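The values are calculated or read from the model by the stated rules, or taken from the named source; none is laboratory data. Owing to the predicted nature of the structure, the values given are computational and were not obtained by experimental measurement. Please note: Cβ atoms are built from the backbone with ideal geometry, for glycine as well, and neighbour counts cover all protein chains shown. The accessibility values were calculated without ligands, DNA or RNA, using every heavy atom of the protein model including side chains. Shrake-Rupley method; radii C 1.70, N 1.55, O 1.52, S 1.80 Å.
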Amino acid sequence: TLPITGLAQASVRPKNYIGLHFFSPVDKMPLVEIIVGQQTDDQTLAHAFDYVLQIGKTPIVVNDSRGFYTSRVFGTYVGEGLTLLAEGVKPALIENAAKVVGLPVGPLAVSDEIGLDTAYHAAHQQKKDLGENFKPGAAFAVINEMYEKQERHGKKNGKGFFDYDEEGNKSLWPGLGKIWPQKPQSEQLTAKEVQ
């Protein structure tokens, strides 16, 4: 939520300021987003691009904007998953439908990986920055509930949409159905609709 151009204002060399956005989990996600600020020069961009290639990642170059390019796409994916949960779709169906279409991790699991605290703070920073233009959806309410009331921060504290044991095994948290009651089977979306 912090634009590179704004961060570069604190630098004595804003032309050398650039953003590298790695995705979680870093060891599995090959993409690295290179964010060019308004004053970033071509040499800095070339160095960043070469570095990303040298570490075996796939670079994409994007202009500076709120949330960066891939975070906006990713945010839509996660937001839709959380909205489905709030609407009473079974959590296992949400997760499994995502995997069937080829996504490595479902939206609830990836939210836990990133951290519900991170999502909470990012959403509230966006709310602050956008003011009355901020349009909270169901996902915003889900994140607020999980972070503020349930104190579930994700994998980092062993409890999020999933519960985590000492060995790193996870299982969907049974409390989800109490907070967001699941629709009866006859009213559930099909896997295809969820996909």
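Only helical DSSP H runs with n ≥ 4 go in: add -39500 (n - 2.57) per run for the chain, normalise by residue count and round the 222 nm mean residue ellipticity to 500 deg cm²/dmol. Using -39500 (n - 2.57) per qualifying helix, the result is -12500 deg cm²/dmol.
Which is farthest toward the positive dipole end of the chain among GLY131, TYR77, GLY177, measuring Cα position about the Cα centre, with Cβ charges +1 (Lys, Arg) and -1 (Asp, Glu)? About the Cα centre, the residue reaching furthest to the positive side is GLY131.
Restricting segment 1-91 to trypsin sites (Lys or Arg not before Pro) that sit in a DSSP loop and have at most 13 other Cβ atoms within 10 Å of their own Cβ leaves LYS28, ARG66.
Using Cβ point charges alone (K and R +1, D and E -1), the dipole size of the chain about the Cα centre works out to roughly 200 debye. Over all other residues within a Cβ to Cβ distance under 11 Å of TRP173, the charged ones net out to +2, with Lys and Arg as +1 and Asp and Glu as -1.
When all protein chains stay in place and ligands, DNA and RNA are ignored, the 1.4 Å accessible-area order of VAL52, VAL73, VAL12, VAL100, largest first, is VAL12, VAL100, VAL73, VAL52. In the assembled protein chains, TYR164 presents an accessible area of approximately 40 Å² (probe radius 1.4 Å).
If you take the alpha carbon atoms of segment 118-195 and fit the smallest convex hull around them, that volume is 136 Å³ per residue. With 19 Å as the limit, the listed pairs LYS28/LYS57; LYS149/LYS170; LYS90/LYS135 have LYS149/LYS170; LYS90/LYS135 beyond it between alpha carbons. Against the longest principal axis of the chain, how steep is helix 68-86, in degrees 0 to 90 to the nearest 10, with axes from Cα atoms? With rounding to tens, the tilt is 10 degrees.
How about LYS128: which aspartates and glutamates have a C-alpha closer than 17 Å to its C-alpha, ignoring those fewer than 8 places off in the same chain? Counting by Cα, and skipping residues close in sequence, LYS128 has these aspartates and glutamates nearby: ASP117. Hydrodynamic analysis of the chain uses the Kirkwood radius over alpha carbon pairs. Inserted into Stokes-Einstein at 37 °C and 0.692 mPa s, it gives a translational diffusion coefficient of 179 µm²/s. Taking one quarter of the surface of the C-alpha convex hull of segment 5-108 gives a mean projected area of 7.7 nm². With protein chains left intact and a 1.4 Å probe, residues in the chain average 58 Å² of accessible area per residue.
Here the chain exposes an accessible surface that is 53 percent carbon and sulfur, computed with a 1.4 Å probe and the other protein chains kept in place.
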